[in-house]
Amino acid sequence: MQDYIQLVGLALQKMCPVDARKLLLYAEVEDGVTGLSVLFSDAGGKVNFRFASEELKTLTYEFWETGADKVPARSWRGLEYGLVGSQLSVHFSYPEQLDPEEDQSDRRPRVVAKHFPSAAVDYSRPNG
């Protein structure tokens, strides 16, 4: 079985500058659909948004589809994958935890605010 936690982290790191202080992948996945947001803070504390690479989208979907140790396949709907230095945090949201009246565009700002409190996000260069 592939170690998707590690593979997703490596793909996330490849998308961000080497001097990025904090990295966050916020993903929502369901059958045939992925919505991924990559955010990172630079050395000056500015938070930047990027569209996810195809590699990161594929790995995240495969992770959802096949599962991993202690993570059953297709069990989660949302993923918060954070890296600060060598500290990793992974949080899953399960379908019953999500408000069916909301979509990802409603939830993403709350997730971003939780990981980057009071930071304005720069969306001006989503392709890098």
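Residues in region 66-82 that are surrounded by fewer than 17 Cβ atoms within 10 Å (Cβ to Cβ), within 24 Å of ARG110 (Cα to Cα) and among the hydroxyl-bearing types (Ser, Thr, Tyr): SER75 only. Taken as a whole, the condition of being surrounded by 15 or more Cβ atoms within 10 Å (Cβ to Cβ), over 21 Å from VAL121 (Cα atoms) and touching a strand residue (DSSP E or B) at 6+ places or on another chain (Cβ under 7 Å) does not apply to ARG21. Here THR60 passes the criteria (1) in contact with a helix residue (DSSP H, G or I) (Cβ under 9 Å, 6 or more places away or on another chain); (2) closer than 17 Å to ASP19 by Cβ; (3) of a type in the set (S, T, N, Q) except the one numbered (2). Just to be sure before I move on: is VAL29 under 22 Å from LEU7 (Cβ atoms), surrounded by fewer than 19 Cβ atoms within 10 Å (Cβ to Cβ) and within 16 Å of the chain's Cα centre (by Cα) in the structure I sent? No, not satisfied.
Residues of region 41-57 that are farther than 13 Å from GLY9 by Cα and not basic (Lys, Arg): SER41, ASP42, ALA43, GLY44, GLY45, VAL47, ASN48, PHE49, PHE51, GLU54. For region 98-120, a tally of residues being under 16 Å from GLY82 (Cα atoms) and outside any loop (DSSP other than H, G, I, E, B) returns 8. Scanning region 56-65 for residues that are under 22 Å from VAL112 (Cβ atoms), surrounded by fewer than 14 Cβ atoms within 10 Å (Cβ to Cβ) and either at pLDDT below 95 or within 16 Å of the chain's Cα centre (by Cα) (or both) turns up nothing. Can you name the condition, by its number, that GLY128 falls short on among (1) of a type outside the set (Ser, Thr, Tyr); (2) crowded, with 17+ Cβ neighbours inside 10 Å; (3) assigned to a loop (DSSP other than H, G, I, E, B)? Just one mismatch for GLY128, condition (2). Of everything listed in (1) buried (at least 17 other Cβ atoms within 10 Å of the Cβ); (2) within 16 Å of LEU10 (Cα to Cα), the single unmet condition for GLY85 is (1).
Residues that are of a type outside the set (A, V, I, L, M, F, W, C), buried (at least 19 other Cβ atoms within 10 Å of the Cβ) and within 12 Å of the chain's Cα centre (by Cα) within region 32-49 comprise just one, SER37.
The values are calculated or read from the model by the stated rules, or taken from the named source; none is laboratory data. In this text, all values refer to a predicted model and were calculated from it rather than measured experimentally. Cβ coordinates were reconstructed from backbone atoms using ideal geometry, including for glycine residues, and neighbour counts include every protein chain displayed.
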